[in-house]
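Undergrad: What follows is a structure written as structure tokens; I'll ask about it next.
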Amino acid sequence: MYAQMVKSEASQEDPEKLAAFQARIDAGEKIEPKDWMPQGYRKTLIRQIGQHAHSEIVGTLPEGNWVTRAPTLERKAILLAKVQDEAGHGLYLYCAAETLGVSRDEMTEMLLDGRMKYSSIFNYPSLNWADIGAIGWLVDGAAIMNQVPLQRTSYGPYSRAMIRICKEESFHQRQGYDAIRACAEGTPAQKKMAQDALNRFWYPSLMMFGPPDGDSVHSEQSMAWKIKINTNDELRQKFVDQTVPQAEFLGLTVPDENLKWNEERGHYDFSQPDWSEFFDVIKGNGPCNVDRLADRNKAWDDGAWVREGMLAHARKKAAAKVAAE
Ligand code: BYC
């Protein structure tokens, strides 16, 4: 329906402007906030960048849950820094989306009342310390796989935000791998925890790339506009190819009986996640959807006095400046 809406909006736009816009995209030019752009391009970016920003913010919840329970002071300091980075990523992305004419408050309200999504992965719980390793290793690993190509996305502010974010995500992935490595090399009970974390996070991580290409409603148009550079399935395959040897190095087993190197294709063959579970989770029925939104709503309500105070201060400063002129 969304794709049809984008097409029907495009039919109402000036064909010459549309052709000139597509020529700029095809020539690899970046589109900047003041440039003319089709309504569908603007809407798609607001949806994708806004959803991405929300994911960064909601993504701090499963990890923040472990800051006070990290096993050593060093692990605590590292996790705290990572969680702060994720919140920062959310802010860069909200700023990038604001250049398209939507405010951060509007996007937040759409998240809080369920009109905007965030990544499915954050609707799964972090039950033990090894889960924090698995999140860094697998979830940040999947995020980087998706975000490195987005550094070349056609919208300038999004592309520039992604360059900065990717640098930090690489550190996040390494800290996760190091944390799960310590568990995998530890006592039999710790190794068991690491395996259990891999068992629970493997398929949800594969889901992060979105539905199979045949069910991806936005990919075709988003790729024509170079908002997306790769299809969901291409990135999922790259992630599997990269991650399986990492699991082998840890002495852990990927929970997939069909996982096998395919010499002819030069890729691993692997089982698809349960896509009905994915669609259920993004409809709001995952294990933690209700808690995540309740936490974000509470944070928004509890922070109202701060926002009001900041606005009152800004108004006072502006009035003092006018009076002094
Ligand atoms: N979760 O047509 P499709 C992070 C929705 S943050 C939820 O393929 P598209 C991190 C999709 O929105 C990671 N919904 O969509 C943070 C669409 O529904 P609507 C976030 C999903 O947009 C903290 C429908 O399914 N990364 O890494 O072309 C700590 C059909 O899908 C998901 C980004 O956001 C999902 N996984 O492709 C650690 C990256 N997948 O909107 C880590 C930027 C699909 O029509 N985003 N849907 O109602 C993208 O690259 C693309 O949006 C996606 C989906 C590849 C995710």
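Undergrad: Taking only protein heavy atoms into account and a 1.4 Å probe, give the accessible area per residue of the chain in Å². Intermediate results must be reported in sequence, preceding the final value.
TA: On the way: 16520 Å² over 325 residues.
Here the per-residue accessible area is 51 Å².
Undergrad: Near the amide H of Y155, under 5 Å away, which other amide H atoms are found, from residues 5 or more places off or on another chain, if H is placed in the peptide plane?
TA: I31
Undergrad: Rounded to two decimals, what is the ratio between the C-alpha radius of gyration of region 134-225 and 2.2 N^0.38 Å?
TA: Details: Rg = 16.2 Å, N = 92, 2.2 N^0.38 = 12.3 Å.
Dividing the Cα radius of gyration by 2.2 N^0.38 Å gives 1.32.
Undergrad: Okay, moving on. Under the Karplus relation 6.51 cos²θ - 1.76 cosθ + 1.60, θ = phi - 60°, what is the ordered set of whole-Hz ³J(HN,Hα) values for region 66-77, x standing for Gly and Pro?
TA: 10, 4, 6, 10, 4, x, 9, 4, 5, 4, 5, 5
Undergrad: Could you sort out which of K167/K192; K82/K192; K76/K191 sit more than 22 Å apart by Cα distance in this structure? Please report the intermediate quantities before stating the final value.
TA: Numbers: K167/K192 31 Å; K82/K192 25 Å; K76/K191 20 Å.
Pairs exceeding 22 Å: K167/K192; K82/K192.
Undergrad: Under 5 Å between amide hydrogens, which residues at least 5 positions from H267 or on another chain qualify, with H placed 1.01 Å from N in the peptide plane?
TA: So H267 has HN proximity to N262.
Undergrad: Given DSSP loops and a limit of at most 12 other Cβ atoms within 10 Å, what is the longest stretch of the chain that contains no such trypsin sites (Lys or Arg not before Pro)? Don't skip to the answer; put the middle values down first.
TA: Numbers: sites that count: K34, R115, R265.
Value returned for the longest uninterrupted segment is 116-264.
Undergrad: So how strong a dipole does the chain carry about its Cα centre when Lys and Arg Cβ are +1 and Asp and Glu Cβ are -1, to the nearest 20 debye? Don't skip to the end; give the middle numbers.
TA: On the way: 39 positive and 46 negative charges, 216 e Å.
So the magnitude is around 1040 debye.
Undergrad: Now a separate question. Using all Cα-Cα distances in region 5-81, what percent lands in each 10 angstrom bin from 0 up to the longest?
TA: Cα pair-distance distribution for region 5-81, in percent: 15, 30, 18, 14, 15, 7, 0.
Undergrad: Note the full-extension length gain between R24 and K76 as 0.36 nm times their separation in residues minus their Cα-Cα distance, in nm to one decimal.
TA: Values: separation 52, 0.36 × 52 = 18.72 nm, distance 4.70 nm.
The span from R24 to K76 would gain 14.0 nm if fully extended.
Undergrad: If you roll a 1.4 angstrom probe over the protein chains with everything in place, what fraction of the accessible area of the chain belongs to carbon and sulfur, to the nearest %? Mind dumping the intermediate values first?
TA: Numbers: 9320 of 16520 Å².
Here it works out to 56 percent.
Undergrad: Based on Cα coordinates alone, diagonalise the gyration tensor for region 15-274, multiply each eigenvalue by 5, take square roots, and list the semi-axes in whole Å, largest first.
TA: Details: eigenvalues 226, 99, 43 Å².
Output for region 15-274: semi-axes of 34, 22, 15 Å.
The values are calculated or read from the model by the stated rules, or taken from the named source; none is laboratory data. All figures in this text were calculated on a predicted structure; none of them were measured in a lab. We place every Cβ from the backbone using ideal geometry, glycine too, and count neighbours over all the protein chains shown. Remember, those area values only see protein heavy atoms, side chains included, never the ligands or the DNA or RNA. Shrake-Rupley method; radii C 1.70, N 1.55, O 1.52, S 1.80 Å.
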